[in-house]
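Single-structure report; data block below.
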Amino acid sequence: MPRRRKNMPNTPPSHKRSNPSLLNPLHEYLAGNVLVRGDNYDVLRELPDECIDLIYLDPPFNSNQFYVAAFGDKGRVGRQLRDIWRWNAGSEVAFREVEKQAFRSAAYKRLFDCLQGVRLQAGETSDMAAYIVYMARRLMEMRRALKRTANVRCPTGARNHNHS
């Protein structure tokens, strides 16, 4: 885990925070090159706009498999990781959150239209729709937090290429 820096100013983000307790430690990390590990959706929502130079994420690939963690935090080695997606109440809540944002933002409106298209093509409650909703929300937060000159590096699984 990166060393914390003291006496760093806390600039509140311009968007609604889901968990204000995460704000202070994360802003201390913005002073230098830092690797932050965690659920990227929760982490990104706490950051101000256009503050990140590079995001590398290794998302679940929708492989329909279970994996065992070979390394990680103490107590997590050997933990089973589930990369199986099903439309459930959480998927519906996430989809409705995007729908609400669509009334406030042209970018979210375009995203919502795309998600509706995925649900129409793949099935409203399909596994693929659940996966795409999960990933889309995260990608939108990345877009907001990245500087205009920044990059995203994200490998994808072969299962999601040319999906029909």
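The values are calculated or read from the model by the stated rules, or taken from the named source; none is laboratory data. Owing to the predicted nature of the structure, the values given are computational and were not obtained by experimental measurement. No Cβ is skipped: glycine too gets one built from the backbone with ideal geometry, and neighbour counts run over all protein chains shown.
Tell me yes or no: at least one residue of the range 135-152 is at pLDDT 90 or above, charged (D, E, K, R) and touching a Leu at 6+ places or on another chain (Cβ under 6 Å).
yes
Could you please find all residues in the range 108-137 being exposed (fewer than 13 other Cβ atoms within 10 Å of the Cβ) and either under 18 Å from residue 40 (Cβ atoms) or among the aliphatic types (A, V, I, L, M) (or both)?
120 - this is the single residue of the range 108-137 that is exposed (fewer than 13 other Cβ atoms within 10 Å of the Cβ) and either under 18 Å from residue 40 (Cβ atoms) or among the aliphatic types (A, V, I, L, M) (or both).
Quick one: residue 68 ticks every box in (1) loosely packed, with under 13 Cβ neighbours inside 10 Å; (2) modelled with pLDDT under 60; (3) among the aliphatic types (A, V, I, L, M) except a single one, so which number is it?
Of the numbered conditions (1) loosely packed, with under 13 Cβ neighbours inside 10 Å; (2) modelled with pLDDT under 60; (3) among the aliphatic types (A, V, I, L, M), the odd one out for residue 68 is (2).
Does residue 107 qualify as being modelled with pLDDT of 90 or more, within 24 Å of residue 56 (Cβ to Cβ) and of a type in the set (A, V, I, L, M, F, W, C)?
Against the criterion (modelled with pLDDT of 90 or more, within 24 Å of residue 56 (Cβ to Cβ) and of a type in the set (A, V, I, L, M, F, W, C)), residue 107 qualifies.
Out of the range 144-158, which residues are surrounded by 15 or more Cβ atoms within 10 Å (Cβ to Cβ) and assigned to a helix (DSSP H, G or I)?
Residues satisfying the conditions are 144, 145.
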